[in-house]
Structure formats: structure tokens, C-alpha cells
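The values are calculated or read from the model by the stated rules, or taken from the named source; none is laboratory data. This one's a predicted model, so the numbers in the text were calculated from it and none came from an experiment. Note: ideal-geometry Cβ built from the backbone for every residue, glycine included; neighbour counts use all protein chains shown. Calculation scope for accessible area: heavy atoms of the full protein, side chains included, ligands and nucleic acids excluded. Shrake-Rupley method; radii C 1.70, N 1.55, O 1.52, S 1.80 Å.
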Amino acid sequence: MAAGRGTPLISVTDLEVHFPTDEGLVRAVDGVSFDIFPGRTLGVVGESGCGKSTVGRAILQILDRPGRIVNGSIELRLDPETDPDDAVDLASLGPNSGPMRAVRWADISLIFQEPMTSFSPVHTIGNQMIEAIRSHRGYSKREAREWAVELLSMVGISNPRQRIDEFSHQLSGGIRQRAMIAMAISCEPKLLIADEPTTALDVTTQAQILDLLRELQESQGMAIMLITHDLGVIAEMADEVLVMYLGRGVEFGPSDDMFHNPKHPYTTSLLTSIPSIYTKRGERMQPIAGSIPHPFNRPPGCTFNPRCPSFMPGVCDHDPPLFLPLEGPHLVRCFLYHDAQGNPVTAEAENDG
Amino acid sequence: MLAFLIRRTVLAIFTIFSISIFSFMIIQLPAGDYVDSYILRQIEEGFGGVQRSSAEGLLERKEALRKLYGLDRPMYIQYFKWIGRVVQGRFGQALEYRLPIWDVIKDRLFLTIILAAATIVFTWALAIPIGIYTAVKQRSIADYSFTFVGFLGLATPDFLLALILMYMAFVYFNFSVGGLFSPEFQSVGWSLARAWDLFVHLWIPALILGTSGTAGLIRVMRANLLDELRKPYVVTARAKGLAEWRLIMKYPVRVALNPLVSTIGYLLPYLISGSIIVSVVLSLPTLGPVLLQSLFTQDLFLASSIILLLGVMTVVGTLLSDILLVIIDPRIRIS
Ligand SMILES: Nc1ncnc2c1ncn2[C@@H]1O[C@H](COP(=O)(O)OP(=O)(O)OP(=O)(O)O)[C@@H](O)[C@H]1O
Ligand SMILES: [Mg+2]
């Protein structure tokens, strides 16, 4: 993409989110670090249940009960270009506090997989859009409505003056997701978190929605955090990629690096499990050999070790590996590249592992 | 929308017709009729010279009474004669009271409706806020306490609660909890003072009749809201930066209330049949005790008139709550 990387808009460091349930403690996010750069797209991939959605919601502090951020920081820079030191740590704000609520939608907004249920079934689209606009902008009702109509036509909905007074169940899946996107950009956020925005849609609609997101990114200059199962979508859309496994970030780096020179064995397996990622879109990720361990019964050391083709006995099943930088901005969590003290491992040692 | 209204109204009329047939038939089921039990009671009470008359005299008298009340005609003719008059608003004579049925029940019908309405208002005013609070504060001490008290309320029979309240009011406050009026307002015409007297007396029976309904409604509201609180549209509202209580009241509470509206109609018969024993205990001038009495004396016409009226009220109540649901829920309104 055109924009350089520059200073991150958001820097997440060592994030941990726990759900203390009756059955036990679910470590939904267990150490994730990444950056999101202004105007660029971060793709987040990983198998189901690895904590992708939880990371997205943690950024907005809208975790379901009883989820809690227990460690780490989420630094938001409202003006990364000119004032890179002006940062707020969202993780330190109370979930219901005024400052946190002011960040929501105005700076960071969210769309999800199910456009049907993301709108209230008993309120019109317009009612919900106008509410979002007016709670962050000092618009009158009429101004907010005009802006909502404009947004609806901006996302390619025909007849917006009629559509604005309809209920979500009167719209088709694709139109609904467009309306959701219109609402999400209504306060011109700096970051849009899109949690599997196309999974529930048919293939043609998927392509249209992704195109729309790209166009809006270009015109609005917003960053996108795109959560998906679909590596094809990542290849097409992402500038940076975060790969997650069982709540941990295992690899983070520029998209090109990741696809051409993946470092973590899990990333490698993900890529080889899809025959041709550049031609096939809409294809779900193929399962990798072995199954995902139960959340309450995680293997010691590196949690990927039972399924890892490069498993090193005595090394990988002891202490957890750290999420450390390789060359440049690339982070990886693997003993092939770092020893237990975090010192880099040479290329020779890597090969006999 | 209009088609829906017409369909529902036709269905309601058909239901009322069926209710009238069934209420008439069910009362006919027990052996013997009003005349049998009337004569039996006169014999027991040794009253009216019946004891002295001969067996034939007794039989003759029975036949005469049967003819007088039309009980010797075939069943369907009895039904059509009855329903024909009912449609014109003439319910016939209450045999026991020797008064037109309408005169016997009209005040009681009115008070029954007032009491049911008061109970519904009481139930909703208490149950909805508690249901919302316990769902939002799920697993808090308040949630567990209300759940405990709610189960107590569900498990306590209404008449027992009535007795306990009467006893306590009398012993501790020297206040008599019977009836719906103070003695001086018992049988005078309506005035502002009498209406106020009714209002003051109404809340204790409403509380007694409403306890189990309140406890039940709390559980339903809590469960409905817990379901809704997990839905993505609530997360959307939260992500928009709305204040927590405001968004809860606007979105999930609104959606969770919809199915409850349709239960208002069913509450009515439950309140009336459930209120019979309580009405007897508290000596309330409602329809329940008269219905009970008419069943004892096998006064077919009085009993079926009351059952028919209650049935009509239920059907109309259900129709109204269905229409209300259509008005408030766009998902039904449009499809
Ligand atoms: N409200 C909750 N209570 C308890 N555990 C939860 C809750 N929400 C999520 N989790 C757990 O957190 C973990 C991560 O869930 P999350 O939804 O973030 O995964 P995901 O990567 O988005 O999965 P998917 O691809 O299926 O959407 C899972 O093990 C899940 O069971
Ligand atoms: Mg998810």
C-alpha cells in the first residue's frame, strides 16, 4: 500500500485476557503483541477459538462477562504522525469510564460476522445510525440524518432515503453488512475492527464487501484490523499479519515476508495447508495434522509442540517460548529462533532441530 | 396487517362460540340437574312442606319445576334458547338468587376486572425492574436473594398467604383485611370516596394474587434478558460508546419485553380461577365465589354465564395483547 509504516496507531504489548468461568480459567488471550499502522490493514489469522475476536473486543474493552484484561497494554496514538508520544493506554481505562466510551466508535469502531444480529431487530437502521452519530458529534437530529443518508449512499446502498427507515430484517445480507459498515464509519474512526465481516455472505457478496472496505480505507485513510479464517483474504487485503495459536501471538510481520518467508512452523503449516492461496478466495482453512488441545489442558512449553513438524524434545516442551523480534519488525515465538534466554539461535542450530 | 386483524377477529369469534358450547356441555355432565339438588336440599333442610308431601307429590312438583325452567326440553334447544337470549344481553334468572343473572354478576364482574387489572399492574411494576436488575447483575448477591424470595413466592399457596396477611394485619395493626370496601361503603352508590376506599382495599388482594405471578414473571424476564444480553446488537450498542444502563434499557430490555406482552391475555383466566379460594378467604365480592357457589347448586345458567363471560374476557384479552405485540414488534408487523 501507498502509506509507509511510520509510527503505529495502536501498539498492543503482551496482552492477556482471562475468562474465569465455573469450569476453570480460560486464558483466551495469553500473550499477544502487534502494531496497527495508520491507514494500513492488519490481518489476524488462526484456527477457531484461538482468541482473535477476543483481541478485537479487548481493544474496545467490550469483552463479554466475565472476561477481563489481566495484563499488557493497548496504546492508542491519536496523532501518530505529528505527536507520536501522545498515547493513551486503553487497557488502563475502566470499561465503563467516560474516556473509554469516548474512544469507542469515534476512534475505533467494529463490525462483525453476523450482519443480521448486529442490528437491533426492533429499531430502524436510521435510528441506530443517528444514535451513533449524535453520541459523538454535536449534530442536530436532522444533520445526523442527512449524514446517515450520505453514508448509506457512500457504501453503495441505492435508495438510501427509503432504506434508512427500514429494519435490518428487511434488507439482504450484503446490504445489511453495507449498512453496518456505513454505521461503523459514521464518526470517521481511525481504526475499523472487522471480525470476519464476510464469513456469513456468499462469495460474490464477499468480494464486493472487501472491495468496499478497500475503497473506504483509501478515501478515509482509516486502518483496518481484519480478522478472518481465510488466508486468501489476508493475502489480498493485509499489509501486516498476526498469526495466533491458542491465545498466543506466534508470528507478526509484514504480509509479504509472512507469505514468502514464514518463520513459525505453524505459519508454514497454515500456508501449505491451502493449495493455492493467491487464486482461491473464499476457501476455508484446511485443518493441520493433529487437533487443537483443550483450553484447560494445554501442553507445557510451546503449546504447538504436539503438532509441530520441527518439535525439539527437551526444548519445546519445557518453558514457553517468548514473542521476540527477528530481523526488523518481524516477531516470532519459537525456539528455532530464540533460546530459552531469548538469545538468537544461529541458522545451523535451526537445521538439526 | 389488516388481513392479520381480520383473521384474528374471526378466530376469536369462533373460539368464543366453541367456549359457549363447551361451557354449556361441561356443566351438563354431572348426574342430576338444578331441580334435583334444589329438592334434595329442601328435604335436608326440612323446609317448604316438602317433607310432608307424598312421593308422587314430590315427583309432580319436580316435573312442574322442570317445565317451568325448560329443563325438560332437548339439550340443543336449551342451548340455543340460552345463547339466543345471551346475545341480546339477557342471561336469564339466577335460580338460587331469584334475580336476573346480570344483576347478580354485573358489580362482581366489574370488581373482578378491576382486581385483575390491579394485579397485572402490580405484577409488572414489581417483576420487570427486578427481572432486569437480576439479569444485568447476574450471580450477584441481589440476584441470589431475589431468586430465593421468588421461589418462596412461587411455592406459597395464595390462600395461605391471604390467611397469614389477614392474621398479621389483624393482630399487629388491628386492621381487618376482608372485602374490597369498608362497611360504610359496602352498598352505597359510586362516589369519589367509595372509589378511594376501593383503591385502599385493592392492594392487599392484588399483592396476594400477584405474588406467584410476580415470581414467575421475574424468572421469565430474567431469562429473556439474559438471552438478549449476549446478542451481537448489544455489543454493537456498547461499541458505539453508549452508557451501559441506557443501552440496556433501549435495546435488550425492549426486545426481551416483547414476548411478555403476549402473556397478558393468558394472565386473566389464571387470575380469575386462581382467585376463587383467595376471594372466599378474603370474602371479596368478585365472580369467583359466585361461580363456585353456582357449581355447588348446579345452577347451569348462572355457571355457564360466568364461564362464558370469563372465556370472552380471555379471548378478547388475548386478541388485544396479540394486536399490541404486532404494534410493538416490527418483525411481526412487516412479515
Ligand atoms: N464469554 C466467554 N466466556 C468464557 N470463555 C469465552 C468467552 N468468550 C470467549 N471465550 C473463550 O475464549 C477463547 C477465544 O475465543 P474467541 O472467540 O476470541 O476465538 P476466535 O479466534 O475468535 O474463534 P472463531 O474463529 O471461532 O471466531 C475460546 O476458547 C472461547 O471458548
Ligand atoms: Mg471470532
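Work out the length of the dipole vector of the protein assembly as shown about its Cα centre, built from +1 on the beta-carbon of each Lys and Arg and -1 on the beta-carbon of each Asp and Glu, and round it to the nearest 20 debye. Let's see the in-between values first.
Numbers: 58 positive and 66 negative charges, 667 e Å.
The calculated dipole for the protein assembly as shown is roughly 3200 debye.
Measure out, as a whole number of angstrom, how far apart the alpha-carbon centroids of the stretch B:243-312 and the stretch A:185-213 sit.
Their Cα centres are 51 Å away from one another.
For the stretch B:130-210, which chymotrypsin sites (Phe, Trp or Tyr not before Pro) pass both filters: DSSP loop (anything but H, G, I, E, B) and at most 13 other C-beta atoms within 10 Å?
B:Phe175, B:Trp190
Mind listing the phi-derived Karplus ³J(HN,Hα) values for the stretch B:6-13, rounded to whole Hz, using 6.51, -1.76 and 1.60 with θ = phi - 60°, and x for any glycine or proline?
Running phi through 6.51 cos²θ - 1.76 cosθ + 1.60 with θ = phi - 60° gives 5, 4, 5, 5, 4, 4, 5, 5 Hz.
Just the number please: accessible area per residue for chain A, 1.4 Å probe, all protein chains included, in Å².
41
Can you give me the three principal axis dimensions of the stretch B:105-328 from its C-alpha atoms, in Å, biggest first?
Principal extents (largest minus smallest coordinate, Cα): 64, 43, 35 Å.
In square angstrom, what is the accessible area per residue of chain B with a 1.4 angstrom probe?
On the way: 17720 Å² over 335 residues.
Averaged over the residues of chain B, the accessible area is 53 Å².
At 1.4 Å probe size, with the rest of the protein present, what percent of the exposed accessible area of the stretch A:115-188 is carbon and sulfur atoms?
After summing per-atom areas, the C and S share lands at 45 percent.
Which shape class, rounded, prolate or oblate, goes with chain A when its Cα gyration tensor gives a ≥ b ≥ c as root eigenvalues, a/c under 1.5 marks rounded, and past that a/b bigger than b/c marks prolate?
The shape class here is prolate.
Using a 1.4 Å probe on protein heavy atoms, which residues of the stretch B:311-331 have at least 50 Å² less accessible area in the complex than alone?
Residues passing the criterion (a loss of at least 50 Å², heavy atoms only) are B:Pro330, B:Arg331.
Roughly how far apart, in whole Å, are the Cα centres of the stretch A:252-271 and the stretch B:110-183?
65
Please give the average number of partner chain Cβ atoms lying within 10 Å of the Cβ of each residue in B:241-254, rounded to a whole number.
4
Among A:152-159, A:246-253, A:137-144, how do they line up from the highest to the lowest mean number of other beta-carbon atoms within 10 Å?
Values: A:152-159: 17.4, A:246-253: 26.0, A:137-144: 12.4.
Result, highest mean Cβ count within 10 Å first: A:246-253, A:152-159, A:137-144.
Can you give the FRET efficiency to the nearest 0.05 for B:Tyr167 and B:Ala193, using r as the Cβ-Cβ distance and R₀ = 25 Å?
The pair B:Tyr167/B:Ala193 has a calculated efficiency of 0.30.
Can you send over the solvent-accessible area of B:Arg7, 1.4 Å probe, protein chains only, in Å² to the nearest 10?
The accessible area comes out at roughly 150 Å².
Among the residues of the stretch B:219-234, which ones have their accessible area go down by 20 Å² or more when all the protein chains sit together, as opposed to their chain alone (1.4 Å probe)?
Buried by 20 Å² or more upon assembly, which counts only protein chains, are B:Pro232, B:Tyr233.
Helix-only mean residue ellipticity at 222 nm, the protein assembly as shown, DSSP H runs n ≥ 4 weighted -39,500 (n - 2.57), per residue, nearest 500. What is it?
-17000 deg cm²/dmol
Nothing charged except the Cβ atoms of Lys and Arg (+1) and of Asp and Glu (-1): what's the magnitude of the dipole of chain A about its Cα centre? Round to the nearest 20 debye.
Using only the charged Cβ atoms, the result is roughly 1200 debye.
Quick one: how many lysine pairs does the protein assembly as shown have with C-alpha atoms less than 16 Å apart and a gap of 8 or more or different chains? Give me the count, please.
Counting lysine pairs in the protein assembly as shown gives 5.
Provide a list, ordered by number, of residues in the stretch A:115-140 showing at least 50 Å² less accessible area with every protein chain present than when their chain is taken on its own, using a 1.4 Å probe.
In the stretch A:115-140, residues shielded by partner chains: A:Thr117, A:Pro121, A:Val122, A:His123, A:Glu131.
Using 1/(1 + (r/R0)^6) with R0 = 45 angstrom and r between the beta carbons of B:Ile21 and A:Ser140, what's the FRET efficiency to the nearest 0.05?
In this case the efficiency is close to 0.15.
Say the dipole of chain B comes from +1 at the beta carbon of Lys and Arg and -1 at that of Asp and Glu; which of B:Ala223, B:Leu209, B:Gly311 then lies farthest toward its positive end?
Farthest along the dipole direction, towards plus: B:Ala223.
If you take the accessible area of B alone, add that of A alone, and subtract the area of the pair, what total do you get in Å², probe 1.4 Å, to the nearest 100? Before the final figure, lay out the partial values.
Values: alone 18950 and 15650 Å², together 32190 Å².
That pair of chains buries around 2400 Å² in total.
Could you pull the accessible area for B:Ile323 with a 1.4 Å probe, rounded to 10 Å²?
So the heavy atoms of B:Ile323 present about 50 Å² to solvent.
So how strong a dipole does the stretch A:115-188 carry about its Cα centre when Lys and Arg Cβ are +1 and Asp and Glu Cβ are -1, to the nearest 20 debye?
Once rounded to the nearest 20, the dipole reads 60 debye.
Pop out the carbon and sulfur fraction of the accessible area of the stretch B:105-328 as a percent, whole number, probe 1.4 Å.
The computed percentage sits at 75.
Can you compute the FRET efficiency between B:Leu58 and B:Phe14 using 1/(1 + (r/R0)^6), with r the Cβ-Cβ distance and R0 = 41 Å? Round to the nearest 0.05.
Numbers: r = 44 Å, r/R0 = 1.08.
For R0 = 41 Å, the calculated efficiency reads 0.40.
Percentage of Cα-Cα pair distances in the protein assembly as shown greater than 45 Å, rounded to whole percent?
Values: 104683 of 236328 pairs.
Distances greater than 45 Å cover 44 percent of the Cα pairs.
Scattering from the C-alpha atoms of the stretch A:115-188 alone, worked out with Debye: what is log10 I(q)/I(0) at q = 0.12, 0.19 1/Å?
Here the Debye-derived log intensity ratios amount to -0.25, -0.65.
Give the residue from B:Pro252, B:Phe91, A:Ala87 lying farthest towards the positive end of the charge dipole for the protein assembly as shown; charges sit on Cβ (+1 for Lys and Arg, -1 for Asp and Glu) and the dipole is referred to the Cα centre.
My answer, from the dipole projection, is B:Phe91.
May I ask you to derive the relative contact order of chain A, considering only C-alpha pairs under 8 Å and at least 6 residues apart, and to give it as an integer percent?
Relative contact order for chain A comes out at 18 percent.
Which residue, chosen from A:Ser269, B:Val234, A:Ser186, occupies the Cα position most advanced towards the positive end of the dipole of the protein assembly as shown, where the dipole is computed from +1 (Lys, Arg) and -1 (Asp, Glu) charges on Cβ about the Cα centre?
Comparing the listed Cα positions along the dipole, B:Val234 ranks first.
Could you pull out every residue, at least 5 positions away or on a different chain, whose amide H is within less than 5 Å of the one on A:Val250? Hs are placed 1.01 Å off N in the peptide plane, and Pro or chain starts have none.
Answer set, sorted by chain and number: A:Val243, A:Met244, A:Tyr245.
Ordered by residue, what ³J(HN,Hα) values in Hz, to whole numbers, does the stretch A:152-168 give under the Karplus form 6.51 cos²θ - 1.76 cosθ + 1.60, where θ = phi - 60° and Gly and Pro are x?
Once θ is set to phi - 60°, the couplings for the stretch A:152-168 become 4, 6, 4, 8, x, 8, 7, 6, x, 5, 8, 4, 4, 9, 9, 9, 4 Hz.
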